[in-house]
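K.L.:
My questions all concern the structure below.
The values are calculated or read from the model by the stated rules, or taken from the named source; none is laboratory data. Keep in mind that what you see is a predicted model, and the values were worked out from it rather than measured. Note that we place each Cβ from the backbone using ideal geometry, even for glycine, and neighbour counts take in every protein chain shown. Accessible surface areas use protein heavy atoms only, side chains included; no ligands, DNA or RNA. Shrake-Rupley method; radii C 1.70, N 1.55, O 1.52, S 1.80 Å.
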Amino acid sequence: MEGPVLTRELLITYRLHLRTEEHAPGTIEKYLRDPRTLSLWLEERRLTKELAAEWKAHLLSAGYMPVTINSMLAALNGLCRFLGLDWRIRYLKIQHRMFRDQSRELNRPEYDRLVEAARGSGKERLALLMEAICATGVRVSEVKYLSVEAAQRGRAEISLKGKIRVILLAGKLCRKLLKYAKKQKITSGAIFRTRSGKYLSRRQIWGEMKQLCKTAGVSPEKVYPHNLRHLFARTFYHACKDIARLADVLGHSSIETTRIYLLTTGDEQLRQLDRLGLVS
């Protein structure tokens, strides 16, 4: 079945559809970015399964990582569903990773240095924001639910993709959030806002964190909001050893997703192998 030309107007209509599906803003941008890339590659040709398969091969030959390609194919398949096309492009088969890339993993000392660098630079909001994400495990798109009311109750109710979950807030974090809100004269609603009162965007938080890298002495590859969520997940699991509970806290529908957060590094796995004592 032949599809349409991926025009600008069609993608605008798709954006409106994604909004009605209540996807997060970051997800919407992702689902649109890859179809735009495909549209440029198609050069006004109609979308067909054959051309989509050629695009997949093109991405492979261009050196894209398999995980990235599958992510782009997921966006394409989502568009195909919207268009009512009766075909999908198969994902690349990737063996589950046995360990995570240590060069991209943010550890506790590095996190502490980032927070200290933010405070030392007078960026009180950023320092507290990083602590709030790392102490709760919320997604950057969920920061808006860290409100004055939530800090007063000691729990935040987070709504995402039609699902609602409640997370507990540590007493020390609540006190710091309320102290900051009082200083900023915020009496209700989201605590982390711009000067104009808008929610902080993913891009703004990402950009502010990147500015700390040199002062904190942390590789830029490790410094992005989602890595704070990963650090929370590892720390929480080491404390309670309950992956099902962690999945609930993180808002994961599948424990397999949570498992990815808990992969050990290659160095850790080598130490574990050495401790087996199977080589005389």
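K.L.:
Residue by residue through the stretch 57-62, which ³J(HN,Hα) values in whole Hz follow from phi under the Karplus form 6.51 cos²θ - 1.76 cosθ + 1.60 (θ = phi - 60°), with glycine and proline marked x?
P.N.:
Working through the residues one at a time gives 5, 4, 5, 4, 5, 7 Hz.
K.L.:
What value in Å³ per residue do you get for the convex hull of the alpha-carbon atoms in the stretch 1-127?
P.N.:
Numbers: hull volume 22.0 nm³, N = 127.
Roughly 173 Å³ of hull volume per residue.
K.L.:
Each residue of the stretch 19-32 in order: what ³J(HN,Hα) in whole Hz does its phi give by Karplus 6.51 cos²θ - 1.76 cosθ + 1.60, θ = phi - 60°, with x for Gly and Pro?
P.N.:
Going residue by residue, I get 5, 5, 7, 6, 6, 5, x, x, 5, 4, 4, 5, 5, 9 Hz, with x marking Gly and Pro.
K.L.:
Sticking with this one: Please name which of 138, 102, 223 has its Cα lying farthest along the dipole of the stretch 88-246 towards the positive end, using unit charges on Cβ (Lys, Arg +1; Asp, Glu -1) and the Cα centre as origin.
P.N.:
Result: 138.
K.L.:
Another question, then. How high is the FRET efficiency between residue 259 and residue 183 when r is their beta carbon distance and R₀ equals 35 Å, given to the nearest 0.05?
P.N.:
Details: r = 40 Å, r/R0 = 1.16.
Calculated value: 0.30.
K.L.:
How long are the semi-axes of the equivalent ellipsoid of the stretch 147-262, defined as square roots of 5 times the Cα gyration tensor eigenvalues? Whole Å, largest first. Walk me through the numbers on the way to the answer.
P.N.:
Details: eigenvalues 123, 92, 40 Å².
In descending order, the three semi-axes are 25, 21, 14 Å.
K.L.:
Further question on the same structure: Heavy-atom accessible area per residue, the chain, 1.4 Å probe: how many Å²? Intermediate values should be presented prior to the final figure.
P.N.:
Details: 16720 Å² over 280 residues.
Accessible area per residue, the chain: 60 Å².
K.L.:
What's the carbon and sulfur percent of the stretch 1-46's accessible surface, probe 1.4 angstrom, rounded to a whole number? Intermediate results must be reported in sequence, preceding the final value.
P.N.:
Working: 1530 of 3010 Å².
Here carbon and sulfur together make up 51 percent of the probe-accessible area.
K.L.:
With a cut-off of 8 Å between alpha carbons and a minimum separation of six or more residues, what is the relative contact order of the chain in percent?
P.N.:
19 percent
K.L.:
Taking the chain, how much of its Cα-Cα pair set, in percent, is spaced more than 22 angstrom apart? All intermediate terms of the calculation are to be shown ahead of the outcome.
P.N.:
Values: 25822 of 39060 pairs.
Value for the chain: 66 percent of Cα pairs lie more than 22 Å apart.
K.L.:
Based solely on its DSSP helices, what 222 nm [θ] is calculated for the chain when runs of n ≥ 4 H residues each add -39,500 (n - 2.57) and the sum is averaged over all residues, nearest 500 deg cm²/dmol?
P.N.:
Working: 14 runs with 161 residues, N = 280.
Value at 222 nm, helices only: -17500 deg cm²/dmol.
K.L.:
Using unit Cβ charges (K, R positive; D, E negative) and no other charged atoms, how large, in debye to the nearest 20, is the dipole of the chain about its Cα centre?
P.N.:
On the way: 51 positive and 29 negative charges, 239 e Å.
Here the size comes out at about 1140 debye.
K.L.:
Shifting gears a bit: Say R0 is 30 Å: what FRET efficiency, to the nearest 0.05, do residue 210 and residue 37 get from their beta-carbon distance? The partial results should precede the final answer.
P.N.:
On the way: r = 24 Å, r/R0 = 0.79.
E(calc), rounded to 0.05, equals 0.80.
K.L.:
So, one more: Using the Cα centre of the stretch 1-157 as origin and beta-carbon charges of +1 (Lys, Arg) and -1 (Asp, Glu), tell me which of 4, 150, 59 is placed farthest towards the positive end of the dipole.
P.N.:
Selected residue: 59.
K.L.:
Starting with the highest mean, order 28-37, 109-118 by the number of other Cβ atoms within 10 Å, averaged over the residues of each peptide.
P.N.:
Values: 28-37: 16.9, 109-118: 18.4.
Sorting 28-37, 109-118 by mean packing, highest first, produces 109-118, 28-37.
K.L.:
Give the residue from 200, 178, 167 lying farthest towards the positive end of the charge dipole for the stretch 154-242; charges sit on Cβ (+1 for Lys and Arg, -1 for Asp and Glu) and the dipole is referred to the Cα centre.
P.N.:
178
K.L.:
With respect to the cross-link table entries 144/179; 183/222; 176/210, which display a Cα-Cα separation exceeding 29 Å? Mind showing how you got there, number by number?
P.N.:
Working: 144/179 17 Å; 183/222 31 Å; 176/210 24 Å.
Distance filter (> 29 Å) returns 183/222.
K.L.:
So how exposed is residue 238, as accessible area in Å² (1.4 Å probe, rounded to 10)?
P.N.:
120 Å²
K.L.:
For the stretch 36-126, give the magnitude of the charge dipole about the Cα centre (Cβ charges: +1 Lys/Arg, -1 Asp/Glu; no others), in debye to the nearest 20.
P.N.:
Working: 17 positive and 11 negative charges, 45 e Å.
Around 220 debye, computed over the stretch 36-126.
K.L.:
Taking the Cα centre of the stretch 11-78 as origin and charging only Cβ (+1 Lys, Arg; -1 Asp, Glu), how large is the dipole, in debye to the nearest 20?
P.N.:
Details: 9 positive and 8 negative charges, 7 e Å.
Its charge dipole is roughly 40 debye.
K.L.:
Accessible area of the stretch 161-251 with a 1.4 Å probe: how many percent of it is carbon plus sulfur? Don't jump to the answer; show the numbers that get you there.
P.N.:
On the way: 3030 of 5660 Å².
The computed percentage sits at 54.
K.L.:
Pulled fully out, how much extra length does the chain show between residue 278 and residue 108, if you take 0.36 nm times their separation in residues and subtract their Cα-Cα distance? Let's see the in-between values first.
P.N.:
Details: separation 170, 0.36 × 170 = 61.20 nm, distance 3.20 nm.
Result: 58.0 nm gained on full extension.
K.L.:
Lys and Arg at +1, Asp and Glu at -1: add these up for the other residues within a Cβ distance under 15 Å of residue 47 and post the number. It would help to have the intermediate numbers written out before the result.
P.N.:
On the way: positive: 8, 36, 45, 46, 49, 56, 81, 88; negative: 2, 9, 34, 43, 44, 50, 54, 86.
With Lys, Arg at +1 and Asp, Glu at -1, the net is 0.
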